[in-house]
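Below is one structure, written out as structure tokens; comments come after it.
The values are calculated or read from the model by the stated rules, or taken from the named source; none is laboratory data. Quantities reported herein were computed from a predicted structural model and do not represent experimental measurements. In this analysis, Cβ positions are derived from the backbone assuming ideal geometry, glycine residues included, and neighbour counts consider all displayed protein chains. Only protein heavy atoms, including side chains, enter the accessible area calculation; ligands, DNA and RNA are left aside. Shrake-Rupley method; radii C 1.70, N 1.55, O 1.52, S 1.80 Å.
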Amino acid sequence: MDKFYITTAIDYVNGAPHIGHAYEKILTDIIARHFSQRTDGMFFLTGTDEHGIKIQKTAAAKGITPKELCDENAQKFKDAWKALDINYNKFIRTTDDYHEKAVQKIFKKLVEKGDIYKHSYEGLYCTGCECFLNPKDLTEDGLCPDHMKKPEVVKEENYFFKLTKYKDAIIKHIKENPDFIVPSFRANEVLNQLEDIQDISVSRAKSNVQWGIDVLDDPEQSIYVWIDALSNYITALGYDTEENSDEFKKYWPADVQVIGKDILKFHSIYWPAFLLALDLPLPKHILAHGWITIDETKMSKSLGNVISPTSVLETFELKEPDAFRYYMATSAPCGRDGNYSDEDFKEKVNAHLANSMGNLLNRTLSMLVKYFDGVVQPKNFALVDGANELLKKALGTVKIVENHFNHFEVAEAAQEIIGIVDMTNKFVTDNAPWTLAKEGKMDECAQVLAAVLEVMCIVSALIYPYCPNIAKSMAKQLSFDFSVKLDDLTADNIKEGKLISKEDITPVFLRVDSELADKSSKK
Ligand code: MSP
């Protein structure tokens, strides 16, 4: 692998970020950081989706211009991602000048190709989805099933895209590439939707939607917000239909595009069709994650249960986002829905990060100082039952974790990492180095500690994508070279000799204060 291009959905800026948006960015960041440990050419794109009727209406209700609303909220997304250590390479805003120009050219190219035509149309438009709905998909009361709102009847002359022309090619692609849609159980859903697709409206009359990109040769029409939004994945790299940048040539097609299950149709039907029409290759994988609920309830403004990602950090007085990242990333198996609750957050991160992982390193280093003045003795793991096996298991875990990541199974991979930590805790309990020391069996005692420290180097590398700050602190105390690629990890990461002094041992993660959590749940 000499490059890896990963993208997130770009968020609507009609409000501030919530933990659902954060979940996706965290998952993506973890995948990006993991593959950075396996390849050098990482490009991670995220951004904001700023045009459309939804933004136009929200701005009007607030008495500000759409651009003012976008500027205000785009900054909130950037601030949130900074607080969560989302290490993106580029943040695109669909109001960026270069993007708007490229979208106009993309639209023009589709017209020239004969894939876009004008047509009078009457349909039901849902502002929440920013799309026309099929009457058969509405609830019994005639509401949009996702937004529980009555769609607007729209009668306009619009441009239409010949989606039906690409139907067979997309069906073929999905069938021939069973890992195109991840998890694969969602592919059938998409194949069913493809059965009755029709050509789609790809513009709105300027008289109704002013906040959009003008069609180049017909300024009475705004380009449909989903053409605008989906194009971000290529315009951000410098694609503009004519002179495509080196970055575009290097990074497209994307290795994985991470999105929520609610927008899978747009990414697995519309987006491939636009790409085929532009004669561009399709992304290798579309990862559709599940939804995050709060205390098992759907987040919604009307219920007043929308949680901002930074408020979780504030509630628990967390200076670093690692625990929140870990919790979110492990909240659901790949593609399934997850849940956030203060109580569960506290229990899980205390158990996994403080008790199992943090304590293990802390007490092992403390014993090294107490019994050996912080000096790692020459290694001879054969002296201790199970030490070589433990290290073999840890190195085997690296391969298992990599394999999970090959399928974007972020939570499943974390389970393996905590599994090896638990196994190592058991190894310590079984071999009781404190008893060995008391009995004067210092050689055996030294080997138990050294084996654990070797495993902890491997654990620090594996946990890094989830908890970058904790991992760095672990690696520092282990004097472990953190830049090593995952495949170069060995059972011999620590040099013999002085490793650490008492004053340099610090807990890598402090337990989340239970009083703080109790306070917040009473709010
Ligand atoms: N702007 C479009 C995406 C365009 S991508 C070319 C959009 N924006 S959104 O703000 O509504 O959602 C952005 C992402 O956040 C989507 O992938 C969506 O699935 C995800 N989530 C929004 N709420 C969510 C949860 N409650 N839980 C998990 N993810 C959720 O759709």
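With respect to the conditions (1) under 26 Å from the mean Cα position of the chain (by Cα); (2) farther than 21 Å from Val13 by Cα, Lys108 falls short on a single one, namely (1).
I'd like to verify a number: residues in region 37-71 that are closer than 27 Å to Ile234 by Cβ and out of contact with any Gly (no Cβ under 6 Å at 6 or more places or on another chain), how many?
Final tally of qualifying residues: 24.
Among the residues of region 373-390, those that are surrounded by fewer than 18 Cβ atoms within 10 Å (Cβ to Cβ), part of a helix (DSSP H, G or I) and among the aliphatic types (A, V, I, L, M) comprise Ala382, Leu383.
Would you check if His119 is touching a helix residue (DSSP H, G or I) at 6+ places or on another chain (Cβ under 8 Å) and either open to solvent by less than 80 Å² (accessible area, probe 1.4 Å) or not in a loop (DSSP other than H, G, I, E, B) (or both)?
Judged against the criteria, His119 is not a match.
Scanning for something hydroxyl-bearing (Ser, Thr, Tyr) and within 30 Å of Lys109 (Cα to Cα), does region 306-318 turn up at least one residue? No.
Going through (1) under 27 Å from Met42 (Cβ atoms); (2) outside any loop (DSSP other than H, G, I, E, B) one by one, Asn158 falls short only on (1). Is there a residue in region 320-332 that is open to solvent by 40 Å² or more (accessible area, probe 1.4 Å), in contact (Cβ under 8 Å) with a residue 24 or more places away in the chain and within 13 Å of the ligand (Cβ to nearest atom)? No - not one qualifying residue is present in region 320-332.
The residue that is least open to solvent (accessible area, probe 1.4 Å), counting only those in region 336-350 that are out of contact with any Phe, Trp or Tyr (no Cβ under 7 Å at 6 or more places or on another chain) and assigned to a loop (DSSP other than H, G, I, E, B), is Ser341. Restricting attention to region 351-372, does a residue exist that is open to solvent by 20 Å² or more (accessible area, probe 1.4 Å) and farther than 30 Å from Asp443 by Cβ? There is at least one residue in region 351-372 that is open to solvent by 20 Å² or more (accessible area, probe 1.4 Å) and farther than 30 Å from Asp443 by Cβ. Restricting the search to strands (runs of 3 or more DSSP E) fully inside region 202-285 and requiring at least 3 residues that are within 21 Å of the chain's Cα centre (by Cα) and farther than 20 Å from Tyr98 by Cα gives 256-260. If you scan region 13-46, which residues turn out to be within 26 Å of Ala411 (Cβ to Cβ), of a type outside the set (Val, Ile, Thr) and within 9 Å of the ligand (Cβ to nearest atom)? If the condition is that a residue be within 26 Å of Ala411 (Cβ to Cβ), of a type outside the set (Val, Ile, Thr) and within 9 Å of the ligand (Cβ to nearest atom), then Pro17, His18, Gly20, His21, Ala22, Tyr23, Glu24, Lys25 are the ones that fit.
Within region 128-155, how many residues are in a strand (DSSP E or B) and farther than 16 Å from Ile269 by Cα? So the answer is 4.
Identify the residue in region 178-201 that is within 16 Å of the ligand (Cβ to nearest atom) and assigned to a helix (DSSP H, G or I) and, among all such residues, is surrounded by the most Cβ atoms within 10 Å (Cβ to Cβ). Here the residue is Val190.
When residues in region 203-251 are screened for being away from the ligand (no atom under 15 Å from the Cβ), over 19 Å from Lys54 (Cα atoms) and not acidic (Asp, Glu), 11 of them pass.
Annotation: of all residues in region 286-316 being assigned to a helix (DSSP H, G or I) and of a type in the set (Ser, Thr, Tyr), the one that is surrounded by the most Cβ atoms within 10 Å (Cβ to Cβ) is Thr310.
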